[in-house]
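Peer 1: I'd like to ask some things about the structure below.
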Amino acid sequence: MPRRPAFGRDGGRIVTAAVGTAPGERRGGRLGRVPRPRKGGDREPAKPSGASPSRWRICHVAVALVLPLYVGWGLLWATGGGDLAAQYSWAEFAVRHPGTPYGLFWFGGIDVGSYSVLSPPLMALVGVRTLSVLSGLVSTWLLAALLVRTTRSVPTWPALIGALALWANVVSGRATFALGVAGALGTLLVLVGRHTPVWRLVAGVVGTGLTVLFSPVAGLFLLVAGAGFLLDRQWARSLALIVPTGVVGGLVALLFPSQGQQPMAAGRIILPLLAGVVVAVTAPRDWRVLRAGGAVYALGVVLTWLIPSPVGTNVERMGALFGAPALLAIWFERRRRNPQPLRSLLRVGRGASFRTRFCAAGLAMCVIWTGVATARDVVNHTDVPGWSRHTAGVIAELDRLGAYRGRVEVVPTGSHREARVFAQYFQAVRGWNRQLDMERGRLFYADELDAASYRAWLNDWAVGYVVLPHAPPDSYAQTEAALIRSGRLGSWLQPVWNDAYWTVFRVQDAVPLATAPAEVVRAGDADIVLTMPRPGTVTVRAAYSHWLYADGACLRASGPWIQLTASRPGTYRITSSYFPPDDCET
């Protein structure tokens with residue numbers, strides 16, 4: 001087998017290792033610089049050898065070891081709480097309305113592609129749990145393969161700890177992100193290696209584009225890898241990651257605008273920032289791409305906190321997933337270059353170098369971080385509360401009251417199961433999308449909530465009924481739940497029905513969904529049907545989108561709302577299509 005330099009500039013270091021220039025190796029017509037010997041953990045390694053077939057067995061071993069965990073999650077813990085509530089909502093919407101680009105089930109209107117272009121139809125096709133498990137297992141194999149290809153020592157423990165981190169991501173219910181991670185790891189595996197022929201670059205470009213279509217968050221993380229390559233002057237690899245991310249991401253943002261921001265408190269930057277800093281500081285100096293990637297990630301965490309954006313706390317995911325396997329790979333590499341008894345590495349002040357001990361501390365931090373977050377998600381989202389099992393009564397009562405002619409405000413719970421339940425029957429004014437929730441319900445993210453601002457918000461979104469589950473509210477719904485329970489809204493928010501799990505309130509003199517003379521017949525999850533007794537123009541309080549149309553009527557934007565103009569009386573259905581007809585006269 002030909003000998004391949006594991007640390008040559010043509011051998012990739014992206015997720016778990018960096019790329020250097022092997023002594024005497026030419027690249028691009030230029031002689032690589034010969035690094036000077038360094039002391040301690042940064043001594044230059046001897047000539048590497050190619051990966052033996054036995055090294056690749058760890059890929060299969062890692063998958064085999066975590067397979068029972070995935071089966072246990074699918075059978076016992078995947079009960080639909082937390083992020084899974086959003087995954088099921090998107091998948092079920094894709095089943096009910098295939099090929100529909102705009103949903104009206106949450107927030108008065110939301111672009112399906114702003115969440116993910118390809119994930120909802122794939123989840124609808126194979127199922128949410130199946131896609132989650134497949135994505136996690138494929139990612140496990142790909143991560144182990146990256147370690148095999150880019151590290152010298154057998155990467156058994158980094159591969160296994162990475163497999164557990166990927167499983168923890170699935171346990172948290174992030175099916176869409178797990179799909180994107182599989183695409184990102186596959187893209188990186190294609191691009192790394194001693195040589196990168198044109199077909200690999202083309203495959204990398206395609207893989208990057210698919211990753212963005214799977215999960216915009218995973219696509220952004222490929223920019224970190226691309227920046228690492230760029231700083232190491234590996235132009236082809238960096239462009240294969242950066243350009244498609246920008247082009248495809250820009251097209252998605254243009255066609256499916258994403259609004260709002262993900263809140264990120266100052267304390268949330270500490271762990272991901274430290275993860276990036278520890279990687280950048282402790283990685284061997286010839287692992288240049290990894291060092292640069294850690295620094296870029298740390299900088300990105302700070303910028304995400306300083307500049308409000310839809311990313312917000314999602315930036316944590318890269319550190320939580322790949323911090324532990326990257327640092328463990330660094331730790332083993334430092335041990336390989338500077339062999340010492342294990343006990344000396346853990347001794348403070350003597351034996352191990354500062355970088356080695358700093359790496360061990362960062363590794364412990366990442367393991368505890370991921371473990372605590374996973375345990376919290378399991379505790380909070382796997383238990384199925386009684387109110388989520390007894391929804392037939394409240395759904396039937398809302399239907400009897402005619403709530404389908406307007407919108408319903410369901411006070412969010414911590415598990416967000418209500419977002420999935422009500423999305424199938426009524427237009428809910430809130431849902432499980434933190435960015436849009438903050439954009440269109442900003443009053444709930446302020447320090448105080450008073451009766452006047454709450455009533456104005458309900459009127460603005462044409463809410464006719466408020467539903468209060470008998471459950472702990474979401475952290476950003478506590479003031480709303482407390483205000484409703486206080487009784488201070490009794491003059492215009494009156495209880496009309498309740499059981500052991502739910503209470504329904506009617507909003508007196510609620511603002512209708514459409515202005516006169518229109519009358520709404522039904523407001524569904526993908527359409528609004530209304531009647532016009534005579535020709536005219538009316539305003540429909542749904543967020544306008546260029547995907548919307550109504551046969552026989554003209555739709556235009558009127559501020560944030562829809563303006564419908566009908567030239568004759570009749571019944572009109574507002575819905576969406578990827579190829580909407582133009583019924584407006586020029």
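Peer 1: Which residues, taken from the stretch 364-382, are without any contact (Cβ under 8 Å) to a residue 40 or more places away in the chain and either within 20 Å of the chain's Cα centre (by Cα) or surrounded by 21 or more Cβ atoms within 10 Å (Cβ to Cβ) (or both)?
Peer 2: Across the stretch 364-382, the qualifying residues are VAL372, ALA375, ARG376.
Peer 1: Then there is this: Determine if the stretch 92-102 includes at least one residue that is at pLDDT 95 or above and closer than 24 Å to ASN380 by Cβ.
Peer 2: Yes, the conditions are met somewhere in the stretch 92-102.
Peer 1: Continuing with this model, one more query. Within the stretch 539-586, which residues are in a strand (DSSP E or B), surrounded by 21 or more Cβ atoms within 10 Å (Cβ to Cβ) and aliphatic (A, V, I, L, M)?
Peer 2: Of everything in the stretch 539-586, those that are in a strand (DSSP E or B), surrounded by 21 or more Cβ atoms within 10 Å (Cβ to Cβ) and aliphatic (A, V, I, L, M) turn out to be VAL540, LEU548, ALA550, ALA553, LEU555, ILE562, LEU564, ALA566, ILE574.
Peer 1: Take the conditions under 21 Å from ASN380 (Cβ atoms), touching a residue at least 60 places away in the same chain (Cβ under 8 Å), touching a helix residue (DSSP H, G or I) at 6+ places or on another chain (Cβ under 7 Å) and not polar (S, T, N, Q) and apply them to ALA481. Does it pass?
Peer 2: Taking the combined requirement at face value, the residue does not satisfy it.
Peer 1: Which ones in the stretch 117-137 are polar (S, T, N, Q) and within 18 Å of TYR70 (Cβ to Cβ)?
Peer 2: Across the stretch 117-137, the qualifying residues are THR130, SER132, SER135.
Peer 1: Anything in the stretch 134-149 that is under 28 Å from ASN380 (Cα atoms) and crowded, with 24+ Cβ neighbours inside 10 Å? List them, or say none.
Peer 2: Listed by number, the residues that qualify are SER135, GLY136, SER139, THR140.
Peer 1: Which residue is nearest to PRO469 (Cα to Cα), if the candidates are limited to the stretch 494-513 and must be without any contact (Cβ under 8 Å) to a residue 40 or more places away in the chain and part of a strand (DSSP E or B)?
Peer 2: Step by step, filter the stretch 494-513, then rank; the result is THR503.
Peer 1: If you take just the helices (runs of 4 or more DSSP H) that sit entirely in the stretch 409-469, which of them hold at least 3 residues that are touching a residue at least 60 places away in the same chain (Cβ under 8 Å) and surrounded by fewer than 22 Cβ atoms within 10 Å (Cβ to Cβ)?
Peer 2: 434-440
Peer 1: What number of residues within the stretch 243-285 are part of a helix (DSSP H, G or I) and more than 30 Å from THR100 (Cα to Cα)?
Peer 2: Residues in the stretch 243-285 being part of a helix (DSSP H, G or I) and more than 30 Å from THR100 (Cα to Cα): 17 in total.
Peer 1: Kindly check whether there is at least one residue in the stretch 476-494 that is surrounded by fewer than 21 Cβ atoms within 10 Å (Cβ to Cβ), under 27 Å from PRO308 (Cα atoms), out of contact with any Pro (no Cβ under 6 Å at 6 or more places or on another chain) and of a type in the set (Gly, Ala, Ser).
Peer 2: no
Here is a yes/no grid of residues against (1) among the aliphatic types (A, V, I, L, M); (2) in the same structural domain as MET438 (by TED's automatic domain parsing); (3) farther than 30 Å from GLY193 by Cβ:
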| position | (1), (2), (3) |
| --- | --- |
| LEU273 | yes, no, yes |
| GLY276 | no, no, no |
| TRP287 | no, no, no |
| ALA292 | yes, no, no |
| ALA298 | yes, no, no |
| VAL302 | yes, no, yes |
| TRP305 | no, no, yes |
| PRO310 | no, no, yes |
| ARG317 | no, no, no |
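Peer 1: Determine which member of the set ALA329, ALA360 is modelled with pLDDT under 95, closer than 17 Å to LEU147 by Cα and either out of contact with any helix residue (DSSP H, G or I) (no Cβ under 6 Å at 6 or more places or on another chain) or in a helix (DSSP H, G or I) (or both).
Peer 2: Result of the check over ALA329, ALA360: ALA329.
Peer 1: Residue check: is ALA240 assigned to a helix (DSSP H, G or I) and crowded, with 24+ Cβ neighbours inside 10 Å?
Peer 2: Yes.
Peer 1: Also, I was wondering about something else. Please find, within the stretch 401-446, the residue that is nearest to GLY173 (Cα to Cα) out of those that are touching a helix residue (DSSP H, G or I) at 6+ places or on another chain (Cβ under 9 Å) and of a type in the set (Asp, Glu).
Peer 2: Among those that are touching a helix residue (DSSP H, G or I) at 6+ places or on another chain (Cβ under 9 Å) and of a type in the set (Asp, Glu), it is GLU418.
Peer 1: List the number of the failed condition for ALA423; all other conditions in (1) closer than 28 Å to ARG522 by Cα; (2) among the aliphatic types (A, V, I, L, M); (3) more than 22 Å from the chain's Cα centre (by Cα) hold.
Peer 2: Against the list (1) closer than 28 Å to ARG522 by Cα; (2) among the aliphatic types (A, V, I, L, M); (3) more than 22 Å from the chain's Cα centre (by Cα), ALA423 comes up short only on (3).
Peer 1: Test LEU223 against the stated conditions and say whether it is surrounded by fewer than 24 Cβ atoms within 10 Å (Cβ to Cβ), part of a helix (DSSP H, G or I), touching a residue at least 12 places away in the same chain (Cβ under 8 Å) and within 23 Å of the chain's Cα centre (by Cα).
Peer 2: yes
Peer 1: Within the stretch 200-218, identify whether any single residue is assigned to a loop (DSSP other than H, G, I, E, B), within 23 Å of the chain's Cα centre (by Cα) and not assigned by TED's automatic domain parsing to the domain that holds GLN435, and answer yes or no.
Peer 2: Yes, the stretch 200-218 contains at least one residue that is assigned to a loop (DSSP other than H, G, I, E, B), within 23 Å of the chain's Cα centre (by Cα) and not assigned by TED's automatic domain parsing to the domain that holds GLN435.
Peer 1: Please determine whether any residue of the stretch 388-403 is under 30 Å from LEU166 (Cα atoms) and either under 20 Å from the mean Cα position of the chain (by Cα) or surrounded by 16 or more Cβ atoms within 10 Å (Cβ to Cβ) (or both).
Peer 2: Scanning the stretch 388-403, I find at least one residue that is under 30 Å from LEU166 (Cα atoms) and either under 20 Å from the mean Cα position of the chain (by Cα) or surrounded by 16 or more Cβ atoms within 10 Å (Cβ to Cβ) (or both), so the answer is yes.
Peer 1: Another question, then. Quick check on the stretch 150-203: of everything there that is more than 20 Å from VAL63 (Cβ to Cβ) and touching a Pro at 6+ places or on another chain (Cβ under 9 Å), which residue is surrounded by the most Cβ atoms within 10 Å (Cβ to Cβ)?
Peer 2: Selected residue: THR176.
The values are calculated or read from the model by the stated rules, or taken from the named source; none is laboratory data. As the structure is a computational prediction, the values presented were derived from the model and not from experiment. Cβ: placed from backbone, ideal geometry, glycine included. Neighbour counts: every protein chain shown.
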